[in-house]
Amino acid sequence: MFKLKRFKKLCATIVIFFLLLFSSSAIASTLTLSSGQEFDLTARQVELLKEQKGIYFFHYSPKKIISGKLTYDVFFELPEEFGGGFIIAQPEKMAAALKAVATDKSTELEDAYEKSRLSSVRARKADSWFATEFFLSTGYRVDDLDFNIAGDINGNNPNIISELKWRELKSFQLKIANKTVLQQLFLLRSSLAYGWIFDGRNQDSDYWGNNRNCEWSRSNNNTDDGNVLDASFGVGWQFTFGRSDFVMTPVIGYSYHEQNLTMTDGCQTIATPLCTPELGPFPDLDSTFETEWKGPWIGLDFTFRSNEKTDLSPIIETCISVEYHWADYYAEADWNLRTDFAHPKSFEHKADGNGIVLSAVLKFLLDYQWTLNIKLDYQNWSTDSGIIRAFLSDGAIADQRLNDVNWESYAMMAGIEYCF
(Lines give C-alpha, C1' and ligand atoms only; values in the text may rest on other atoms or scores of the structure.)
Protein backbone atom coordinates (compact mmCIF):
# COMPACT_ATOMS: atom_id res chain seq x y z
CA MET A 1 0.00 0.00 0.00
CA PHE A 2 2.85 2.34 0.85
CA LYS A 3 4.56 1.67 -2.50
CA LEU A 4 1.30 2.29 -4.36
CA LYS A 5 0.91 5.70 -2.70
CA ARG A 6 4.50 6.61 -3.58
CA PHE A 7 3.89 5.52 -7.19
CA LYS A 8 0.71 7.61 -7.47
CA LYS A 9 2.50 10.61 -6.00
CA LEU A 10 5.35 10.19 -8.50
CA CYS A 11 2.89 9.97 -11.42
CA ALA A 12 1.12 13.12 -10.25
CA THR A 13 4.43 14.92 -10.02
CA ILE A 14 5.36 13.86 -13.56
CA VAL A 15 1.96 14.98 -14.92
CA ILE A 16 2.29 18.35 -13.19
CA PHE A 17 5.82 18.75 -14.57
CA PHE A 18 4.72 18.11 -18.14
CA LEU A 19 1.69 20.36 -17.74
CA LEU A 20 3.93 23.15 -16.51
CA LEU A 21 6.41 22.51 -19.32
CA PHE A 22 3.65 22.51 -21.91
CA SER A 23 1.95 25.60 -20.53
CA SER A 24 5.21 27.55 -20.28
CA SER A 25 6.12 26.69 -23.86
CA ALA A 26 2.66 27.76 -24.97
CA ILE A 27 2.88 31.16 -23.30
CA ALA A 28 3.05 33.79 -26.01
CA SER A 29 4.19 37.37 -25.60
CA THR A 30 4.33 40.30 -28.02
CA LEU A 31 7.91 41.34 -28.71
CA THR A 32 9.22 44.37 -30.60
CA LEU A 33 12.32 44.47 -32.78
CA SER A 34 14.50 47.57 -32.67
CA SER A 35 13.21 48.20 -36.20
CA GLY A 36 9.69 48.65 -34.75
CA GLN A 37 8.27 45.36 -36.09
CA GLU A 38 6.01 43.56 -33.58
CA PHE A 39 5.39 39.80 -33.45
CA ASP A 40 4.42 37.01 -31.01
CA LEU A 41 6.78 34.35 -29.64
CA THR A 42 6.19 31.50 -27.24
CA ALA A 43 8.67 30.55 -24.53
CA ARG A 44 9.61 27.47 -26.54
CA GLN A 45 10.28 29.57 -29.66
CA VAL A 46 12.44 31.93 -27.60
CA GLU A 47 14.56 29.02 -26.42
CA LEU A 48 14.87 27.72 -29.99
CA LEU A 49 15.76 31.22 -31.18
CA LYS A 50 18.63 31.44 -28.68
CA GLU A 51 20.12 28.28 -30.21
CA GLN A 52 20.15 29.60 -33.78
CA LYS A 53 23.41 30.47 -35.50
CA GLY A 54 24.39 34.14 -35.25
CA ILE A 55 21.94 34.89 -32.40
CA TYR A 56 23.35 36.32 -29.17
CA PHE A 57 21.53 36.37 -25.84
CA PHE A 58 22.40 38.72 -22.94
CA HIS A 59 20.89 38.96 -19.47
CA TYR A 60 21.60 42.67 -18.99
CA SER A 61 20.36 45.84 -20.66
CA PRO A 62 21.25 46.31 -24.36
CA LYS A 63 22.28 49.89 -23.64
CA LYS A 64 25.51 48.55 -22.16
CA ILE A 65 26.71 47.09 -25.46
CA ILE A 66 24.83 48.95 -28.20
CA SER A 67 27.25 51.36 -29.85
CA GLY A 68 28.00 52.90 -33.23
CA LYS A 69 29.58 49.64 -34.35
CA LEU A 70 26.27 47.83 -33.80
CA THR A 71 24.12 50.50 -35.40
CA TYR A 72 22.96 48.20 -38.15
CA ASP A 73 22.15 45.22 -35.87
CA VAL A 74 18.62 44.51 -34.66
CA PHE A 75 17.59 43.37 -31.18
CA PHE A 76 14.59 42.92 -28.91
CA GLU A 77 14.16 42.72 -25.16
CA LEU A 78 12.59 39.68 -23.52
CA PRO A 79 9.76 40.16 -20.98
CA GLU A 80 10.04 38.95 -17.40
CA GLU A 81 7.89 35.88 -18.11
CA PHE A 82 10.66 34.74 -20.45
CA GLY A 83 13.40 35.46 -17.95
CA GLY A 84 14.34 38.95 -19.14
CA GLY A 85 17.45 39.95 -21.06
CA PHE A 86 17.67 40.65 -24.77
CA ILE A 87 18.58 39.01 -28.06
CA ILE A 88 20.72 40.69 -30.73
CA ALA A 89 21.88 39.72 -34.24
CA GLN A 90 22.69 41.09 -37.63
CA PRO A 91 19.50 41.62 -39.69
CA GLU A 92 20.14 38.71 -42.05
CA LYS A 93 20.93 36.37 -39.12
CA MET A 94 17.80 37.50 -37.26
CA ALA A 95 15.74 36.94 -40.40
CA ALA A 96 17.03 33.40 -40.84
CA ALA A 97 16.51 32.58 -37.15
CA LEU A 98 12.96 33.91 -37.10
CA LYS A 99 12.13 31.86 -40.17
CA ALA A 100 13.62 28.74 -38.56
CA VAL A 101 11.40 28.96 -35.47
CA ALA A 102 8.29 30.18 -37.28
CA THR A 103 5.36 27.87 -38.03
CA ASP A 104 2.82 28.09 -40.83
CA LYS A 105 0.44 29.84 -38.44
CA SER A 106 2.97 32.38 -37.20
CA THR A 107 2.19 35.21 -39.59
CA GLU A 108 3.78 37.74 -37.24
CA LEU A 109 7.05 35.83 -37.38
CA GLU A 110 6.86 35.63 -41.16
CA ASP A 111 6.36 39.41 -41.29
CA ALA A 112 9.28 39.93 -38.93
CA TYR A 113 11.41 37.60 -41.04
CA GLU A 114 10.55 39.50 -44.20
CA LYS A 115 11.26 42.80 -42.47
CA SER A 116 14.66 41.67 -41.25
CA ARG A 117 15.45 40.14 -44.63
CA LEU A 118 14.86 43.44 -46.42
CA SER A 119 16.60 45.41 -43.68
CA SER A 120 19.68 43.28 -44.23
CA VAL A 121 20.01 44.86 -47.68
CA ARG A 122 20.73 48.22 -46.08
CA ALA A 123 22.96 46.61 -43.49
CA ARG A 124 25.06 44.94 -46.15
CA LYS A 125 25.24 48.21 -48.10
CA ALA A 126 26.27 50.12 -45.00
CA ASP A 127 28.76 47.51 -43.80
CA SER A 128 30.36 47.00 -47.21
CA TRP A 129 33.47 48.96 -48.11
CA PHE A 130 31.87 49.70 -51.49
CA ALA A 131 28.17 50.21 -52.22
CA THR A 132 26.69 51.84 -55.31
CA GLU A 133 23.24 52.72 -56.60
CA PHE A 134 22.10 53.65 -60.11
CA PHE A 135 18.96 55.70 -60.72
CA LEU A 136 16.89 56.12 -63.85
CA SER A 137 13.90 58.47 -63.78
CA THR A 138 11.69 60.34 -66.20
CA GLY A 139 9.02 62.96 -65.89
CA TYR A 140 7.71 66.46 -66.47
CA ARG A 141 9.73 69.68 -66.17
CA VAL A 142 8.84 73.39 -66.37
CA ASP A 143 11.32 76.31 -66.73
CA ASP A 144 10.98 80.10 -66.64
CA LEU A 145 13.78 82.39 -67.86
CA ASP A 146 14.08 86.16 -68.31
CA PHE A 147 16.65 88.92 -68.72
CA ASN A 148 16.63 92.69 -69.21
CA ILE A 149 19.24 95.21 -70.37
CA ALA A 150 19.88 98.94 -70.04
CA GLY A 151 20.41 101.48 -72.80
CA ASP A 152 24.15 101.91 -72.10
CA ILE A 153 27.01 100.35 -70.15
CA ASN A 154 26.29 102.56 -67.12
CA GLY A 155 22.71 101.35 -66.79
CA ASN A 156 20.95 104.44 -68.18
CA ASN A 157 19.11 105.73 -71.30
CA PRO A 158 16.76 104.12 -70.11
CA ASN A 159 17.55 101.78 -67.19
CA ILE A 160 15.53 99.03 -68.93
CA ILE A 161 15.51 99.33 -72.70
CA SER A 162 14.67 95.74 -73.55
CA GLU A 163 13.35 92.67 -71.73
CA LEU A 164 12.79 89.09 -72.82
CA LYS A 165 10.76 86.49 -70.96
CA TRP A 166 10.32 82.77 -71.53
CA ARG A 167 7.44 81.27 -69.61
CA GLU A 168 6.19 77.73 -69.00
CA LEU A 169 8.86 75.97 -71.00
CA LYS A 170 7.50 72.44 -70.70
CA SER A 171 9.86 69.53 -71.16
CA PHE A 172 9.90 65.76 -71.14
CA GLN A 173 12.96 64.97 -69.01
CA LEU A 174 15.14 61.88 -68.63
CA LYS A 175 17.60 61.70 -65.70
CA ILE A 176 20.31 59.21 -64.75
CA ALA A 177 22.23 59.36 -61.47
CA ASN A 178 24.73 57.41 -59.43
CA LYS A 179 25.53 57.31 -55.72
CA THR A 180 28.54 55.42 -54.38
CA VAL A 181 29.61 55.08 -50.72
CA LEU A 182 33.11 53.93 -49.76
CA GLN A 183 33.90 52.54 -46.31
CA GLN A 184 30.43 53.63 -45.13
CA LEU A 185 31.69 57.21 -45.04
CA PHE A 186 32.97 58.71 -48.31
CA LEU A 187 30.21 59.65 -50.78
CA LEU A 188 30.45 60.13 -54.53
CA ARG A 189 27.36 61.20 -56.45
CA SER A 190 26.69 62.36 -59.99
CA SER A 191 23.69 63.07 -62.20
CA LEU A 192 22.82 63.96 -65.78
CA ALA A 193 19.40 65.23 -66.88
CA TYR A 194 18.23 66.10 -70.40
CA GLY A 195 14.87 67.59 -71.32
CA TRP A 196 13.16 67.96 -74.68
CA ILE A 197 11.07 71.17 -74.80
CA PHE A 198 7.67 70.61 -76.38
CA ASP A 199 5.78 73.77 -75.40
CA GLY A 200 6.42 77.32 -74.17
CA ARG A 201 5.98 81.00 -74.91
CA ASN A 202 8.24 84.03 -75.30
CA GLN A 203 7.72 87.79 -74.98
CA ASP A 204 10.12 90.45 -76.29
CA SER A 205 9.45 94.04 -75.12
CA ASP A 206 11.26 97.34 -75.80
CA TYR A 207 10.88 100.61 -73.82
CA TRP A 208 11.61 104.34 -74.20
CA GLY A 209 11.24 105.28 -70.53
CA ASN A 210 12.80 104.14 -67.28
CA ASN A 211 11.29 101.34 -65.22
CA ARG A 212 9.50 99.70 -68.18
CA ASN A 213 7.55 102.82 -69.17
CA CYS A 214 6.58 103.76 -72.73
CA GLU A 215 6.60 100.28 -74.22
CA TRP A 216 6.88 100.85 -77.96
CA SER A 217 7.34 97.29 -79.21
CA ARG A 218 6.21 93.85 -78.10
CA SER A 219 6.17 90.49 -79.81
CA ASN A 220 4.75 87.24 -78.43
CA ASN A 221 6.27 84.10 -79.88
CA ASN A 222 6.28 80.33 -79.55
CA THR A 223 9.07 78.35 -77.89
CA ASP A 224 8.03 74.77 -78.58
CA ASP A 225 11.48 73.50 -79.54
CA GLY A 226 14.89 73.29 -77.89
CA ASN A 227 16.32 71.46 -74.89
CA VAL A 228 17.59 71.81 -71.33
CA LEU A 229 20.50 70.03 -69.66
CA ASP A 230 21.79 69.64 -66.09
CA ALA A 231 24.97 67.82 -65.02
CA SER A 232 26.38 67.65 -61.50
CA PHE A 233 29.11 65.87 -59.54
CA GLY A 234 29.71 65.91 -55.79
CA VAL A 235 31.76 64.33 -53.01
CA GLY A 236 30.92 64.21 -49.33
CA TRP A 237 31.39 62.63 -45.92
CA GLN A 238 28.57 60.79 -44.17
CA PHE A 239 27.62 61.23 -40.51
CA THR A 240 25.22 58.79 -38.80
CA PHE A 241 25.49 60.05 -35.19
CA GLY A 242 25.24 56.44 -33.98
CA ARG A 243 21.85 55.95 -35.63
CA SER A 244 20.83 53.74 -38.55
CA ASP A 245 17.72 55.72 -39.50
CA PHE A 246 19.33 59.13 -40.12
CA VAL A 247 22.34 60.11 -42.24
CA MET A 248 23.63 63.64 -42.86
CA THR A 249 26.24 64.28 -45.56
CA PRO A 250 28.00 67.61 -46.21
CA VAL A 251 28.81 67.70 -49.95
CA ILE A 252 30.86 69.87 -52.31
CA GLY A 253 30.74 69.67 -56.09
CA TYR A 254 30.59 71.24 -59.52
CA SER A 255 27.65 71.60 -61.90
CA TYR A 256 26.88 72.61 -65.47
CA HIS A 257 23.51 73.70 -66.91
CA GLU A 258 22.14 74.71 -70.32
CA GLN A 259 18.96 76.14 -71.80
CA ASN A 260 18.91 76.03 -75.61
CA LEU A 261 15.82 77.90 -76.81
CA THR A 262 14.27 78.57 -80.22
CA MET A 263 11.67 81.27 -80.99
CA THR A 264 9.23 80.76 -83.87
CA ASP A 265 5.73 81.83 -85.01
CA GLY A 266 6.25 85.52 -84.26
CA CYS A 267 3.34 87.86 -83.60
CA GLN A 268 3.68 91.64 -83.08
CA THR A 269 1.22 92.65 -80.33
CA ILE A 270 2.35 96.26 -79.62
CA ALA A 271 3.65 98.45 -82.44
CA THR A 272 4.52 102.10 -83.19
CA PRO A 273 5.66 103.73 -86.43
CA LEU A 274 9.22 102.68 -85.53
CA CYS A 275 8.30 98.97 -85.36
CA THR A 276 9.19 96.46 -88.01
CA PRO A 277 7.03 94.48 -88.60
CA GLU A 278 3.59 95.96 -88.02
CA LEU A 279 0.87 94.48 -85.81
CA GLY A 280 0.02 90.85 -86.39
CA PRO A 281 1.87 87.63 -87.25
CA PHE A 282 5.18 87.86 -89.06
CA PRO A 283 6.93 85.04 -90.93
CA ASP A 284 10.38 83.41 -90.84
CA LEU A 285 11.14 83.94 -87.15
CA ASP A 286 13.76 81.37 -86.15
CA SER A 287 15.89 83.03 -83.47
CA THR A 288 17.94 81.14 -80.89
CA PHE A 289 19.10 81.89 -77.36
CA GLU A 290 21.53 79.54 -75.58
CA THR A 291 22.70 79.83 -71.96
CA GLU A 292 25.35 78.20 -69.79
CA TRP A 293 25.54 78.19 -65.99
CA LYS A 294 28.56 76.48 -64.44
CA GLY A 295 30.48 76.56 -61.19
CA PRO A 296 31.10 75.02 -57.76
CA TRP A 297 28.55 74.34 -55.06
CA ILE A 298 28.19 73.23 -51.44
CA GLY A 299 25.29 71.36 -49.92
CA LEU A 300 23.81 69.00 -47.37
CA ASP A 301 22.16 65.62 -48.02
CA PHE A 302 19.75 64.15 -45.47
CA THR A 303 18.50 60.56 -45.50
CA PHE A 304 15.67 59.36 -43.24
CA ARG A 305 14.90 55.64 -43.11
CA SER A 306 11.56 54.40 -41.87
CA ASN A 307 11.15 50.82 -40.66
CA GLU A 308 7.36 50.98 -40.45
CA LYS A 309 5.80 48.23 -42.54
CA THR A 310 3.20 49.45 -45.05
CA ASP A 311 1.07 47.73 -47.67
CA LEU A 312 3.17 49.29 -50.40
CA SER A 313 6.62 48.46 -49.08
CA PRO A 314 8.28 47.27 -45.87
CA ILE A 315 10.95 49.98 -46.08
CA ILE A 316 10.56 53.64 -47.00
CA GLU A 317 13.45 56.08 -47.39
CA THR A 318 13.25 59.85 -47.72
CA CYS A 319 16.21 61.77 -49.16
CA ILE A 320 16.46 65.57 -49.14
CA SER A 321 19.25 67.58 -50.75
CA VAL A 322 19.98 71.31 -50.38
CA GLU A 323 22.67 73.00 -52.52
CA TYR A 324 24.02 76.53 -52.91
CA HIS A 325 25.73 77.25 -56.26
CA TRP A 326 28.10 79.91 -57.54
CA ALA A 327 27.68 80.38 -61.29
CA ASP A 328 29.71 81.68 -64.18
CA TYR A 329 26.90 82.68 -66.55
CA TYR A 330 27.32 82.97 -70.33
CA ALA A 331 24.82 83.17 -73.18
CA GLU A 332 24.76 83.89 -76.87
CA ALA A 333 21.98 84.53 -79.36
CA ASP A 334 21.20 84.65 -83.04
CA TRP A 335 18.40 87.15 -83.86
CA ASN A 336 17.81 85.87 -87.37
CA LEU A 337 15.46 88.69 -88.53
CA ARG A 338 17.68 91.57 -87.34
CA THR A 339 19.67 92.82 -90.34
CA ASP A 340 21.70 95.17 -88.13
CA PHE A 341 23.14 92.23 -86.16
CA ALA A 342 25.84 89.77 -87.21
CA HIS A 343 24.99 86.08 -87.72
CA PRO A 344 25.16 83.41 -86.41
CA LYS A 345 26.30 85.26 -83.27
CA SER A 346 24.31 88.46 -82.72
CA PHE A 347 25.20 89.13 -79.07
CA GLU A 348 26.53 87.48 -75.91
CA HIS A 349 26.00 87.74 -72.13
CA LYS A 350 28.57 87.52 -69.35
CA ALA A 351 27.79 87.74 -65.62
CA ASP A 352 28.32 86.14 -62.22
CA GLY A 353 25.39 84.46 -60.53
CA ASN A 354 24.22 82.06 -57.87
CA GLY A 355 21.53 79.48 -57.40
CA ILE A 356 19.63 77.28 -54.96
CA VAL A 357 18.95 73.66 -55.91
CA LEU A 358 16.56 71.52 -53.84
CA SER A 359 15.49 67.93 -54.31
CA ALA A 360 13.38 65.42 -52.41
CA VAL A 361 13.11 61.69 -53.13
CA LEU A 362 10.72 59.14 -51.68
CA LYS A 363 12.02 55.57 -52.08
CA PHE A 364 10.09 52.32 -51.76
CA LEU A 365 12.29 49.23 -51.37
CA LEU A 366 10.81 46.46 -53.51
CA ASP A 367 13.58 43.87 -53.37
CA TYR A 368 17.19 43.34 -52.39
CA GLN A 369 18.29 45.46 -55.35
CA TRP A 370 15.28 47.27 -56.81
CA THR A 371 13.70 50.47 -55.50
CA LEU A 372 10.84 52.62 -56.78
CA ASN A 373 11.48 56.38 -56.56
CA ILE A 374 9.30 59.50 -56.68
CA LYS A 375 11.39 62.65 -57.05
CA LEU A 376 10.87 66.44 -56.97
CA ASP A 377 13.57 68.88 -58.14
CA TYR A 378 13.57 72.68 -57.81
CA GLN A 379 16.10 75.28 -58.99
CA ASN A 380 16.21 79.07 -58.60
CA TRP A 381 19.07 81.03 -60.21
CA SER A 382 19.88 84.69 -60.78
CA THR A 383 22.83 86.86 -61.81
CA ASP A 384 24.40 90.11 -60.73
CA SER A 385 24.70 92.85 -63.31
CA GLY A 386 26.96 92.01 -66.23
CA ILE A 387 27.67 92.86 -69.85
CA ILE A 388 25.72 92.29 -73.06
CA ARG A 389 27.98 92.62 -76.09
CA ALA A 390 26.31 93.10 -79.44
CA PHE A 391 28.06 92.14 -82.70
CA LEU A 392 26.81 94.37 -85.50
CA SER A 393 26.63 93.51 -89.18
CA ASP A 394 29.20 96.20 -90.08
CA GLY A 395 31.76 94.60 -87.75
CA ALA A 396 31.31 97.04 -84.86
CA ILE A 397 30.88 95.91 -81.24
CA ALA A 398 28.58 97.64 -78.73
CA ASP A 399 28.48 97.01 -74.98
CA GLN A 400 25.47 97.61 -72.72
CA ARG A 401 24.65 96.78 -69.13
CA LEU A 402 23.01 93.40 -68.53
CA ASN A 403 20.84 94.19 -65.52
CA ASP A 404 20.04 90.65 -64.43
CA VAL A 405 19.05 87.17 -65.55
CA ASN A 406 16.57 84.96 -63.68
CA TRP A 407 15.93 81.25 -64.13
CA GLU A 408 13.50 79.03 -62.22
CA SER A 409 12.80 75.35 -62.80
CA TYR A 410 10.94 72.45 -61.24
CA ALA A 411 10.58 68.81 -62.25
CA MET A 412 8.41 65.91 -61.11
CA MET A 413 9.73 62.45 -61.92
CA ALA A 414 9.33 58.78 -61.14
CA GLY A 415 11.89 56.05 -61.68
CA ILE A 416 13.74 52.98 -60.50
CA GLU A 417 16.97 52.38 -58.62
CA TYR A 418 19.31 49.38 -58.84
CA CYS A 419 21.70 48.67 -55.95
CA PHE A 420 24.94 46.71 -56.00
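Among all residue pairs at least 6 apart or on different chains, which show Cβ distances below 7 Å where the first residue, located in the stretch 177-198, is within 19 Å of Lys294 (Cα to Cα) and the second is aromatic (Phe, Trp, Tyr) and surrounded by fewer than 20 Cβ atoms within 10 Å (Cβ to Cβ)?
Listed pairs, sorted by first residue: Ser190/Phe233; Gly195/Phe172.
Being under 20 Å from Val322 (Cα atoms) and aromatic (Phe, Trp, Tyr) is the filter; apply it to the stretch 380-420 and report the residue that is surrounded by the fewest Cβ atoms within 10 Å (Cβ to Cβ).
The initial filter retains those residues of the stretch 380-420 that are under 20 Å from Val322 (Cα atoms), namely 380-383, 406-414.
Imposing the further condition that a residue be aromatic (Phe, Trp, Tyr) reduces the set to 381, 407, 410.
On the way: Trp381: 21, Trp407: 24, Tyr410: 15.
Once the filter is applied, the top-ranked residue is Tyr410.
Any idea how many residues of the stretch 231-269 are touching an Asp or Glu at 6+ places or on another chain (Cβ under 9 Å) and more than 30 Å from Ile316 (Cβ to Cβ)?
Adding up the residues that qualify gives 12.
Is at least one residue of the stretch 278-295 at pLDDT 95 or above, more than 24 Å from Ser346 (Cα to Cα) and in the same structural domain as Ala150 (by TED's automatic domain parsing)?
Yes, the stretch 278-295 contains at least one residue that is at pLDDT 95 or above, more than 24 Å from Ser346 (Cα to Cα) and in the same structural domain as Ala150 (by TED's automatic domain parsing).
I'm checking my understanding of the structure. Among residues of the stretch 362-397 that are touching a Leu at 6+ places or on another chain (Cβ under 8 Å) and of a type in the set (Val, Ile, Thr), which one is modelled with the lowest pLDDT?
Thr371
From the list Phe147, Phe241, Phe172, Phe198, pick out the single residue that is farther than 19 Å from Ala131 by Cβ and either surrounded by 18 or more Cβ atoms within 10 Å (Cβ to Cβ) or of a type in the set (Gly, Ala, Ser) (or both). First the steps, then the outcome.
Numbers: Phe241 fails: either surrounded by 18 or more Cβ atoms within 10 Å (Cβ to Cβ) or of a type in the set (Gly, Ala, Ser) (or both); Phe172 fails: either surrounded by 18 or more Cβ atoms within 10 Å (Cβ to Cβ) or of a type in the set (Gly, Ala, Ser) (or both); Phe198 fails: either surrounded by 18 or more Cβ atoms within 10 Å (Cβ to Cβ) or of a type in the set (Gly, Ala, Ser) (or both).
Matching residue, one of Phe147, Phe241, Phe172, Phe198: Phe147.
Select, from Val228, Val181, the only residue that is in contact with a helix residue (DSSP H, G or I) (Cβ under 8 Å, 6 or more places away or on another chain), part of a strand (DSSP E or B) and in the same structural domain as Ile252 (by TED's automatic domain parsing). Write out each step before concluding.
Details: Val228 fails: in contact with a helix residue (DSSP H, G or I) (Cβ under 8 Å, 6 or more places away or on another chain).
Being in contact with a helix residue (DSSP H, G or I) (Cβ under 8 Å, 6 or more places away or on another chain), part of a strand (DSSP E or B) and in the same structural domain as Ile252 (by TED's automatic domain parsing) holds for just one of Val228, Val181, which is Val181.
With the condition being among the aliphatic types (A, V, I, L, M) and in contact (Cβ under 8 Å) with a residue 60 or more places away in the chain, I'd like the strands (runs of 3 or more DSSP E) fully within the stretch 330-420 carrying at least 3 qualifying residues. Even if it seems obvious, please write down each step before you answer.
Values: elements: 347-365, 370-383, 386-391, 397-419.
Per the criteria, 397-419.
Looking only at the stretch 289-302, how many residues end up being touching a residue at least 60 places away in the same chain (Cβ under 8 Å) and either closer than 20 Å to Asp143 by Cα or not in a strand (DSSP E or B) (or both)? Show your work before the answer.
Narrowing the stretch 289-302 to residues touching a residue at least 60 places away in the same chain (Cβ under 8 Å): 289, 291, 293, 297, 299, 301.
With the extra rule that they be either closer than 20 Å to Asp143 by Cα or not in a strand (DSSP E or B) (or both), the set shrinks to 289, 291, 293.
Final tally of qualifying residues: 3.
The values are calculated or read from the model by the stated rules, or taken from the named source; none is laboratory data. These numbers come from a predicted model, not from an experiment. Virtual Cβ from ideal backbone geometry, glycine too; neighbours counted across all protein chains shown.
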